[in-house]
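Here the structure comes first, spelled out in C-alpha cells, and everything after it is commentary.
Read-outs: derived from the displayed coordinates by stated rules, not from any lab. Source: prediction; values computed, not measured. Cβ: placed from backbone, ideal geometry, glycine included. Neighbour counts: every protein chain shown.
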Amino acid sequence: MSNEAPTITPHKAREIAAENTAVILLDVRTPSEFSARRAVGARNIPLDAIPATIAEGKLPKDASICVLCEKGGRAAIAAEHLLKAGHRDVHVVTGGTEAWASSGLPVEGTGRKSISIERQVRIGAGMLVILGIAGGLLIHPSIFALSGFVGAGLVFAGITDWCGMGLLLAWAPWNR
C-alpha cells in the first residue's frame, strides 16, 4: 500500500464535499492562517496536532478526507500520516487554500493577513545566515558554521519535504 495520497483539484474537492456531507475538508495550517482565510466548510487541525488527533480516534477511518494547507506541502505530510494510520479515502487538494481561492471557490475568514509558516521559515533562515556571516566576520570565524548549518537544513528540507524549523515555528505563540 502506497503512503502517498492521490491529489485532486479544488473544484473536485468541492464537488465531492457537496455530494457527501460526511466528507471532511481538513485544513492543516496553523490556527492564525486558518482564521485569516479558509475554504468554506473546512475543519482546522494543525499539522503538528495530526498524530495526536489520529491516536485519539477523532477522525473516523471510514471517512472521506480532503486535506489542504496553503499550497499543498503540509497537506501531503498530513495525508501520509492518515494513510499510515489506516485511513483509506484520503486526497490532497492540489495548490491548497491558495488554489481554492484562485479558482473562485467560496472562502471565509477574518481577512487578517498572517505570515505563512513557509514565509516565516524563509525569514528566519535568512536572518540566521546573515547573523552567521556577520558573526564570522566581526567576532570569530567559527560562527560562519551557523550559515553552513542553516544551508544544510534548507537542502535537507528541500530533499525530504520535512522542515524542522517550520515545525518549531508552528509552536510559536503568534501561530497558535
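Things worth noting here:
- Rounded to 5, percent antiparallel among DSSP beta bridges of the chain: 15 percent
- With contributions of -39500 (n - 2.57) from each DSSP H run of at least four residues, the per-residue ellipticity at 222 nm computed over the chain stands at -15000 deg cm²/dmol.
- Simple spin-label estimate for Ile159 and Ile115 in nanometres, 7 Å along Cα-Cβ: 2.9 nm
- Efficiency of FRET between Ala85 and Ser35 - r from beta-carbon atoms, R0 22 angstrom, step 0.05: 0.25
- Structure remark: mean-square fluctuation, Gaussian network model of the chain, C-alpha springs under 10 Å; the largest value among Ile139, Ile24, Ile115 belongs to Ile139.
- Ranked list, fewest to most other Cβ atoms within 10 Å of each Cβ, for Asp48, Asp62: Asp62, Asp48
- Under the criterion of Cα pairs below 8 Å and six or more residues apart, the relative contact order for the chain equals 25 percent.
- For the chain, the direction-averaged projected area of the alpha-carbon convex hull comes to 11.4 nm².
- Förster radius 22 Å - calculated FRET efficiency between Ser103 and Ile123, Cβ distance, rounded to 0.05: 0.20
- Distance (nanometres) between label positions extended 7 Å along Cα→Cβ at Leu138 and His11: 5.4 nm
- With bins 5 Å wide beginning at 0, the percent of Cα pairs of the range 117-175 falling in each bin runs 4, 20, 24, 21, 15, 11, 4.
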